[in-house]
Amino acid sequence: MAPAAVEAGRNGTFLWLDRILLVLVAVTMFSMMAVVFVDVVGRYFFNSPLPGGFEIVEFLMPLAIFTALPLVTRDGDHITASLFEHLIRGTFKRVINEIILGFNVVVLCFVAYRMWVEGIKLGAADKISGFLEWPYAPMAYAIAVLAALTAVVQLIVMLQPLFGARRR
């Protein structure tokens, strides 16, 4: 990937992917909020909770997390604890950061692989949720794909300085 490609990616080439992920995150978060609202109102005012409400949230939560993860990774907006950051400076700090980014890529690839394998197992066993009887395999595959996408994003972020691009 040439420096121009890295800069183009930051300036809008992948804008469509950002928009798709942002819409998915927004719809997922709104859906979770609506389900919980309807469930609570039904439970406390009408003594009738939303049937399967817990399972719906159970399916939406990992989707929200793993759909937002590529965006958070791209922007470097992860929650961090800077306990020893003041002690590490200069080249050593850059080396440590690259090692951490590389480790993150490996972990995300491992998560993607294991979730794909889990999806195969869940599909073969026809595992379904208890009340709504929704299959678990599609969610495992979705998490695997989103984790792999995040790994690619993390790799691009990691390699940006090699091509002269600055990290966000």
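The values are calculated or read from the model by the stated rules, or taken from the named source; none is laboratory data. Just so it is clear, the structure is predicted and the values come from calculations on it, not from any experiment. Note that each Cβ is placed from the backbone with ideal geometry, even for glycine, and that neighbours are counted across all protein chains shown. Heavy atoms of the whole protein, side chains included, go into the accessibility calculation; ligands, DNA and RNA do not. Shrake-Rupley method; radii C 1.70, N 1.55, O 1.52, S 1.80 Å.
Just to be sure before I move on: is P138 under 24 Å from L15 (Cα atoms) and part of a helix (DSSP H, G or I) in the structure I sent? No, not satisfied.
Within segment 77-97, one or more residues are of a type in the set (A, V, I, L, M, F, W, C), assigned to a helix (DSSP H, G or I) and loosely packed, with under 11 Cβ neighbours inside 10 Å. Look at (1) in contact with a Leu (Cβ under 6 Å, 6 or more places away or on another chain); (2) modelled with pLDDT under 90 and you find that T67 fails only one, number (2). Considered as a group, the residues in segment 101-135 that are in a helix (DSSP H, G or I) and of a type in the set (K, R) include one that is most open to solvent (accessible area, probe 1.4 Å), and that residue is K121.
Of the residues in segment 39-59, how many are in contact (Cβ under 8 Å) with a residue 40 or more places away in the chain and either of a type in the set (K, R) or touching a Pro at 6+ places or on another chain (Cβ under 6 Å) (or both)? Counting residues in segment 39-59 that are in contact (Cβ under 8 Å) with a residue 40 or more places away in the chain and either of a type in the set (K, R) or touching a Pro at 6+ places or on another chain (Cβ under 6 Å) (or both) gives 0. For the residues A68, A140, A64, the requirement of being in contact with a Phe, Trp or Tyr (Cβ under 8 Å, 6 or more places away or on another chain), under 30 Å from V40 (Cβ atoms), free of Cβ contacts under 8 Å to residues at least 60 places away in the same chain and surrounded by 15 or more Cβ atoms within 10 Å (Cβ to Cβ) singles out A140. The listed residues are V95, V145, V157, V152, and the only one of them that is modelled with pLDDT of 95 or more and farther than 20 Å from E55 by Cα turns out to be V145.
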